[in-house]
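Participant: Would you mind keeping the following structure in view while I ask a few things?
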Amino acid sequence: MKQELLVTAIIFLLLFIKLSTKEWKVETSLTVINILLFLNLVSGFFYIRTGTLFGDMFRTSELLAFEKNILNLGTFIISLQSYSWLKQHKHVPEFFMLMLCTLLGMFFMLSSNNLLMFYLGLELSSIPLAAMANFDLEKRHSSEAAMKYIMSSAFSSGLLLFGISMLYGATGTLNFDEIAGQLTTQNSLQVFSFILLLAGFGFKISAVPFHLWTADVYEGSPVAVTSYLSVISKGSVLFVLVSVLYNVFRGLDASWYKMLFLISVLTMVIGNLFALRQQNMKRFLAFSSIAQVGFILIGITGESIEGSASVIFFIMVYVFSNLAAFGVISLVSAATGREGVDDYKGFYKTNPLLSWILAIALFSLAGVPPTAGFFGKFFLLLAGAGKGNYWLITIAALNMVVSLYYYLRVVKAIFMDDNESPVEKIHAPLSPKIAMLVCTAGIILTGLMSGAYNYIHSLLK
Amino acid sequence: MSDIPVSNILFVSIALFFIGMYGLFTRRNLITMLMSIELILNSVNINFVVFNKYLYPEKLDGIFFTIFIIAIAAAEAAIAIAIIINLYRSHRSIDVEDASEMKY
């Protein structure tokens with residue numbers, strides 16, 4: 001509960017800062033907020049309590065605290081990266097209030113032990129995000145993206161709720177543990193309600209039949225919101241999906257294995273095929289993140305301790321690598337307003353350091369050995385192979401080859417292609433520099449040291 | 001009261017769900033699409049109340065869930081309408097066909 005209380009305290013502090021008569025300078029408030037978020041991150045590692053609260057609706061454990069720390073870290077990195085963009089904005093406290101509200105919702109969703117708490121957390125984490133997507137109020141694309149996001153998220157939560165109501169009718173309880181005891185594949189109402197729940201989850205993690213909103217929302221939103229959507233929001237829902245599938249719906253595993261098999265193959269193939277032809281960097285990363293979800297679903301199909309350990313490890317790696325890529329894109333976008341893949345031609349000539357960071361991030365996303373992304377994907381495929389379904393693993397391996405093509409296309413544009421008017425030299429402020437350093441160190445260190453995976457594995461026992 | 005069978009009421013709620021879905025997919029006006037989503041949420045409310053009343057009358061889980069759904073639907077509508085108003089300012093229209101600059 002401590003982590004949730006801290007986030008709530010920061011939200012109220014920001015509210016009072018906003019309401020006070022004294023006008024704060026934008027730079028000051030950004031620095032104060034970054035320090036607060038850093039304290040929030042650090043305090044998450046101490047005094048971890050375990051147990052349940054509110055009549056078994058809310059539970060905490062060391063694993064959940066660790067997952068929340070990953071989300072805290074991602075939020076802190078995003079807030080550091082968005083410095084250059086928010087400096088030109090006059091609504092800084094509002095932005096962080098919305099962002100921390102969604103973070104609070106994700107914490108409640110992660111800790112939920114009850115469908116009501118889960119639903120409240122999910123809505124708290126998705127409704128303010130729509131307002132954040134619209135944060136560039138005067139841009140046409142921003143409002144279009146927000147409209148698409150609120151409509152699809154409202155529809156998906158409608159589907160999810162219908163599934164929850166059917167599940168309530170079939171079992172008579174909302175508590176996860178009591179539901180888990182009553183599920184069988186013979187009861188078709190339970191399988192039907194599970195399909196609706198999976199559809200709701202599919203919208204949030206943008207798995208393939210439900211992915212259509214992703215690219216448009218990612219392209220139209222401000223870069224900070226795009227990275228928040230693609231890393232934090234998606235990561236938290238994936239954490240919950242793993243624990244819900246393994247703990248609540250383990251009675252239906254024979255049916256959800258086939259569904260996840262189909263969804264993950266479709267997600268990888270379609271995500272990769274569409275990523276091949278993208279010309280906008282944000283859109284390209286949107287489709288690449290769809291393809292990554294396909295790989296994560298393979299890890300989930302493993303249905304073992306290794307399965308959930310590999311998913312959590314991969315999301316941690318994904319936080320570092322995707323945020324490093326988005327960090328460079330957000331710097332370039334804030335300095336020049338250019339977001340096309342072609343604009344990155346000759347980027348190495350003017351910004352060698354940023355080029356290297358972007359290249360390392362893309363190598364990690366593609367899964368090239370010394371980086372952490374390789375080990376993430378390796379553990380996912382290993383967990384998926386535990387079921388002995390080698391067709392799935394073969395399709396995944398072929399898809400990794402396809403994904404190398406489009407990641408390396410960007411790297412080639414940066415290092416080899418000539419350009420008459422490359423992006424000029426960018427002078428980054430201090431806080432984006434720190435964020436880049438954390439991300440790059442994270443990519444390389446979690447790749448070289450195996451301690452992180454072992455730690456997650458030991459938490460799951 | 002309880003001589004109406006459960007299946008009749010469930011028929012109403014499922015019909016409401018699919019009417020909402022049909023409206024969401026065919027209507028092009030954003031406000032009407034929002035109304036369709038409210039229909040979906042209300043069908044869920046009926047489901048919860050019926051299951052609670054007929055199948056599990058000794059507990060109140062379903063009723064509480066309904067109250068929370070109503071509250072959240074109001075919050076969702078507030079944000080959605082704010083976004084629609086902003087969309088109208090920039091596009092001069094609340095038709096979804098006019099807000100489709102980003103494709104594929």
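The values are calculated or read from the model by the stated rules, or taken from the named source; none is laboratory data. Because the structure is a prediction, the values reported are computed rather than measured. Here the Cβ positions follow ideal geometry from the backbone for every residue, glycine too, while neighbour counts run over all protein chains shown. The area values use the complete protein model at the heavy-atom level, side chains included, leaving out ligands, DNA and RNA. Shrake-Rupley method; radii C 1.70, N 1.55, O 1.52, S 1.80 Å.
Participant: Starting with the highest mean, order A:52-58, A:282-288, A:261-267, A:120-126 by the number of other Cβ atoms within 10 Å, averaged over the residues of each peptide.
Facilitator: Result, highest mean first: A:282-288, A:120-126, A:261-267, A:52-58.
Participant: Related question: Over chain B, what is the mean sequence separation of C-alpha contacts under 8 Å (at least six apart), divided by residue count, expressed as relative contact order in percent? Present the calculation step by step, with values, prior to reporting the outcome.
Facilitator: Details: 80 pairs, mean separation 27.3, N = 104.
The normalised contact order for chain B reaches 26 percent.
Participant: OK, next. Modelling each spin label as a point 7 Å along the Cα-to-Cβ direction, I'd like the A:Ser188/A:Tyr390 distance in nm, to one decimal.
Facilitator: So the two model labels end up 3.7 nm from each other.
Participant: Given Cβ point charges of +1 (Lys, Arg) and -1 (Asp, Glu) and nothing else, what value in debye, to the nearest 20, does the dipole of chain A about its Cα centre take?
Facilitator: Values: 29 positive and 25 negative charges, 78 e Å.
The dipole magnitude comes to about 380 debye.
Participant: Over segment B:6-98, consider all pairs of different Cα atoms and compute the Kirkwood hydrodynamic radius from their mean reciprocal separation; express it in Å, one decimal. List each step's numbers first, then the result.
Facilitator: On the way: mean 1/r = 0.0686 Å⁻¹.
By the Kirkwood definition, the hydrodynamic radius is 14.6 Å.
Participant: First check a/c for segment A:2-460, with a ≥ b ≥ c the square roots of the eigenvalues of its C-alpha gyration tensor; if it is under 1.5, answer rounded, and if not, answer prolate when a/b is larger than b/c or oblate otherwise.
Facilitator: Working: a/c = 1.64, a/b = 1.23, b/c = 1.33.
Since a/c reaches 1.5 but b/c is at least a/b, the shape of segment A:2-460 is classed as oblate.
Participant: So, R0 is 41 Å and r is the distance between the beta-carbons of B:Ile19 and A:Met449; what FRET efficiency does that work out to, to 0.05?
Facilitator: On the way: r = 56 Å, r/R0 = 1.37.
So the FRET efficiency works out to roughly 0.15.
Participant: Using amide H atoms built 1.01 Å from N in the peptide plane, name the residues 5+ places from A:Asn280, or on other chains, whose amide H lies under 5 Å from its own.
Facilitator: A:Val341
Participant: Leaving ligands, DNA and RNA out of it, work out the accessible area of A:Val341 with a 1.4 Å probe and give it in Å² to the nearest 10.
Facilitator: The accessible area of A:Val341 comes to roughly 10 Å².
Participant: Now for a different question. Which of the aspartates and glutamates could a cross-linker bridge to A:Lys22, judged by Cα under 20 Å and excluding same-chain residues fewer than eight apart?
Facilitator: Counting by Cα, and skipping residues close in sequence, A:Lys22 has these aspartates and glutamates nearby: A:Glu94.
Participant: Report, ordered by chain and residue number, the lysines lying within cross-link reach of A:Lys425, taken as a straight Cα distance under 18 Å and ignoring same-chain residues fewer than 8 apart.
Facilitator: A:Lys345, A:Lys349, A:Lys433
Participant: Over segment A:2-460, what is the relative contact order in percent, taking alpha-carbon pairs closer than 8 angstrom and at least six residues apart?
Facilitator: Computed value for segment A:2-460: 15 percent relative contact order.
Participant: Go ahead and run the numbers for FRET between B:Phe11 and A:Arg140, Cβ-Cβ distance against an R0 of 25 Å, rounding to 0.05.
Facilitator: On the way: r = 44 Å, r/R0 = 1.75.
Given R0 = 25 Å and the Cβ-Cβ separation, E is 0.05.
Participant: Given a cut-off of 19 Å, name the pairs among A:Lys25/A:Lys90; A:Lys148/A:Lys282; A:Lys68/A:Lys90; A:Lys2/A:Lys461 whose C-alpha atoms lie farther apart than that in the structure shown.
Facilitator: On the way: A:Lys25/A:Lys90 9 Å; A:Lys148/A:Lys282 16 Å; A:Lys68/A:Lys90 29 Å; A:Lys2/A:Lys461 23 Å.
Over 19 Å Cα-Cα: A:Lys68/A:Lys90; A:Lys2/A:Lys461.
Participant: Which trypsin sites (Lys or Arg not before Pro) in segment A:29-108 sit in a loop by DSSP (not H, G, I, E or B) and have at most 10 other Cβ atoms within 10 Å of their own Cβ?
Facilitator: In loop regions of segment A:29-108 (DSSP not H, G, I, E or B), the sparsely surrounded trypsin sites (Lys or Arg not before Pro) are A:Lys90.
Participant: Can you give the mean number of other chain Cβ atoms that lie within 10 Å of the Cβ atoms in peptide A:138-145?
Facilitator: Values: counts 3, 1, 7, 4, 4, 10, 10, 3.
Other-chain Cβ atoms within 10 Å of each residue's Cβ, averaged: 5.
Participant: Shielding by partners for A:113-120, please: the mean number of other protein chain Cβ atoms within 10 Å of each residue's Cβ. Kindly include the intermediate steps, with their values, before the conclusion.
Facilitator: Numbers: counts 0, 1, 2, 5, 1, 0, 4, 4.
What the average comes to for A:113-120 is 2.
Participant: What does the helix-only formula give at 222 nm for the protein assembly as shown: each DSSP H stretch with n ≥ 4 adding -39500 (n - 2.57), the total divided by the residues, and the result rounded to the nearest 500 deg cm²/dmol?
Facilitator: Values: 24 runs with 416 residues, N = 565.
It comes out at -25000 deg cm²/dmol, rounded to the nearest 500.
Participant: So how much accessible area does A:Leu437 have, in Å² to the nearest 10, using a 1.4 Å probe?
Facilitator: 120
Participant: While we're looking at this one, here's another question. For the pair B:Leu55/A:Lys349, report the inter-label distance in nm, with labels modelled 7 Å from Cα in the Cβ direction.
Facilitator: 6.8
Participant: Moving to a separate point now. Quickly rank A:130-139, A:38-47, A:200-209 as a protection proxy: mean count of other C-beta atoms within 10 Å, highest first. Each step should come with its number before you reach the end.
Facilitator: On the way: A:130-139: 20.1, A:38-47: 14.1, A:200-209: 23.0.
By packing density, highest mean first, the sequence is A:200-209, A:130-139, A:38-47.
Participant: How far, in nm, would the chain grow between A:Lys461 and A:His89 when pulled straight, counting 0.36 nm per residue and subtracting the alpha carbon separation?
Facilitator: Details: separation 372, 0.36 × 372 = 133.92 nm, distance 4.64 nm.
Residue separation times 0.36 nm, minus the Cα-Cα distance, leaves 129.3 nm.
Participant: Would you mind counting up the charge near A:Leu63? Only other residues with Cβ under 15 Å from its Cβ, with Lys and Arg at +1 and Asp and Glu at -1. Working shown, then result.
Facilitator: Values: positive: A:Arg49, A:Arg59, A:Lys68, A:Lys461; negative: A:Glu62, A:Glu67, A:Glu306.
Here the count lands on +1.
Participant: Using a 1.4 Å probe and ignoring any ligands, DNA or RNA, find the accessible area of A:Asp418 and quote it in Å² to the nearest 10.
Facilitator: Accessible surface of A:Asp418 is approximately 120 Å².
Participant: Would you give the gap between the C-alpha center of segment B:30-104 and the C-alpha center of segment A:196-248, rounded to a whole Å?
Facilitator: One Cα centre to the other: 19 Å.
Participant: Once you charge only the Cβ atoms, +1 for Lys and Arg and -1 for Asp and Glu, what is the size of the charge dipole of chain B about its Cα centre, to the nearest 20 debye?
Facilitator: On the way: 7 positive and 9 negative charges, 32 e Å.
Computed about the Cα centre, the dipole is about 160 debye.
Participant: Once you average over the residues of A:151-163, how many Cβ atoms of partner chains fall within 10 Å of each Cβ?
Facilitator: Details: counts 10, 0, 2, 13, 8, 0, 8, 15, 4, 1, 11, 10, 1.
Averaged over the peptide's residues, the number is 6.
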